[in-house]
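**Q** Structure below; questions to follow.
Values in this text are rule-based calculations from the coordinates and carry no lab data. For clarity, every value in this text was computed on a predicted model and none was experimentally measured. Cβ placement follows ideal geometry from the backbone for every residue including glycine, while neighbour counts extend to all protein chains displayed.
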Amino acid sequence: MVSDICMGTMTFGNQCDEAEAFRIMDMACDAGVNFFDTAEMYPVPPDAKYVGLTEEIVGRWLKTRDRDSIILASKVAGPGHSWITPPLRGGLTGLDRHHIMRAVEASLRRLDTDYIDLYQTHWPDHDFPYEETLMALDELVRSGKVRILGCSNETSWGLTRSLWAADLQGTARYETIQNNFSLNNRRFEDELAQACRQEQVSLIPYSPLAGGVLSGKYQGGARPEGARFTYYLSAGERQQKMASRFVNERSLASTARFQAIAAEAGMSLVTMAIAWSKQHDFVASTIVGATSAQQMPDILAAADVSLDREILARIDTVSREIRYPMG
């Protein structure tokens with residue numbers, strides 16, 4: 001059982017220092033959040049100077065809490081598919097037994113714990129047999145180092161193929177999938193949502209604020225100092241492509257309309273966007289992120305908000321009229 005909101009940690013260690021990270025996690029925990037998500041590759045953007053630092057920060061914070069009361073999730077990187085080069089193990093991060101075992105042992109050391117509640121594949125390895133990946137992950141479950149398994153950034157084919165392989169082999173299966181899902185990116189509903197319903201797999205959506213776009217901070221062409229896409233728009237080709245996917249004419253237009261709906265409902269768009277995410281039947285918990293404790297009140301307010309049918313209908317109208325604003 002996990003809280004409706006999961007505290008993501010990917011900025012801890014570069015955009016957010018340790019003291020502020022502690023404040024953010026304390027605020028989340030004190031508000032009833034018991035689910036925290038990290039990864040061996042964090043913080044982002046991936047950088048050899050920082051890699052692993054997020055897990056170390058989370059591990060030190062974990063010592064201030066009752067370990068058994070916290071549901072802790074982490075991830076093995078998997079291949080970057082030319083999109084990123086994980087700064088781990090020489091960039092060779094396939095999902096074979098060798099890399100999985102190396103990854104989990106390193107994560108356990110950094111987190112300073114003897115088990116991880118949810119262990120996920122960060123990126124799929126479609127060129128490697130799911131059977132072998134699942135056999136290695138099953139070893140971790142049987143040994144007690146991991147409680148349950150999940151995947152992330154996975155496709156409909158990949159999820160169903162993995163479940164089929166687990167059923168045939170009798171291994172532990174992926175119980176969760178962590179994919180991008182927000183008011184500005186509803187593609188998960190096209191196919192994966194039905195697969196999750198039928199197979200009893202829970203979505204743990206990340207980026208419910210569409211990378212911060214749904215906070216409204218990029219409206220009117222604004223480029224706020226220190227914001228992720230402000231940096232990405234002047235960085236390398238990969239970062240610029242990602243920024244243009246999140247911040248574009250259509251995504252800003254849909255954000256403006258969502259802002260109006262939230263204002264009329266008497267809440268911030270941040271609160272409405274997170275509340276919308278957590279109300280889906282296939283969602284177990286929505287991952288939120290912050291770089292400052294000042295951002296937390298609007299985020300945490302969503303835990304007590306249930307959007308009524310009128311608001312949901314107005315949201316759906318925007319989504320029909322501005323389809324797939326993130327491309």
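**Q** Between PHE128 and GLU199, what is the FRET efficiency for a Förster distance of 22 Å, r being their Cβ-Cβ separation, to the nearest 0.05?
**A** Computed FRET efficiency for PHE128 and GLU199 comes out at 0.55.
**Q** Can you grab the distance from the C-alpha centre of segment 104-125 to the C-alpha centre of segment 189-205, Å, no decimals?
**A** 23 Å
**Q** Using only alpha carbon pairs under 8 Å that are at least six residues apart, calculate the relative contact order of the chain and give it in whole percent.
**A** On the way: 575 pairs, mean separation 59.6, N = 327.
For the chain, the relative contact order is 18 percent.
**Q** Normalise the Cα radius of gyration of the chain by 2.2 N^0.38 Å (N = residues in it) and let me know the number.
**A** 0.95
**Q** Roughly speaking, what % of Cα-Cα pairs in segment 2-44 are separated by over 17 Å, rounded to a whole number? Intermediate values should be presented prior to the final figure.
**A** Numbers: 254 of 903 pairs.
Roughly 28 percent, rounded to a whole number.
**Q** Another one. Provide Rg and Dmax in Å for segment 64-176, with only Cα atoms included in the calculation.
**A** 13.7, 42
**Q** Right, something else. Per-residue HN-Hα couplings for segment 155-167, Karplus 6.51 cos²θ - 1.76 cosθ + 1.60 at θ = phi - 60°, whole Hz, x for Gly and Pro?
**A** 9, 4, 4, x, 5, 5, 5, 5, 5, 4, 4, 5, 5
**Q** Between ALA73, ALA165, ALA21, where does the largest GNM mean-square fluctuation fall for the chain, given springs only between Cα atoms within less than 10 Å?
**A** Between ALA73, ALA165, ALA21, it is ALA165 that shows the largest mean-square fluctuation.
**Q** Can you give the alpha-carbon Rg of segment 19-76 over 2.2 N^0.38 Å, where N counts its residues? Each step should come with its number before you reach the end.
**A** Numbers: Rg = 11.6 Å, N = 58, 2.2 N^0.38 = 10.3 Å.
Expressed relative to 2.2 N^0.38 Å, the Cα Rg reads 1.12.
**Q** Could you line up VAL283, VAL33 from fewest to most neighbouring Cβ atoms inside 10 Å?
**A** In order of increasing Cβ crowding within 10 Å: VAL283, VAL33.
**Q** With a 10 Å radius around each residue's Cβ, average the other Cβ atoms per peptide and rank 93-104, 50-61, highest first.
**A** 50-61, 93-104
**Q** Using only the alpha carbons, work out the radius of gyration and Dmax of segment 107-161 in angstrom.
**A** Over segment 107-161's Cα set, Rg and Dmax evaluate to 12.1, 35 Å.
**Q** While we're on this one: What is the count of Lys pairs in the chain whose alpha carbons sit under 23 Å apart, if the two are 8 or more places apart or on different chains?
**A** 7
**Q** Using Cα pairs under 8 angstrom and six or more residues apart, how large is the relative contact order of segment 5-178, in percent?
**A** Computed value for segment 5-178: 18 percent relative contact order.
**Q** Okay, moving on. How many nm is it between the label spots at ASP316 and ASN248, if each spot is 7 Å from the Cα in line with the beta carbon?
**A** Computed distance between label sites ASP316 and ASN248 equals 2.6 nm.
**Q** Give me the distance in nm between label points sitting 7 Å out from Cα along the Cα-to-Cβ direction at ALA19 and ASP47, one decimal.
**A** About 2.0 nm separates the two model spin labels.
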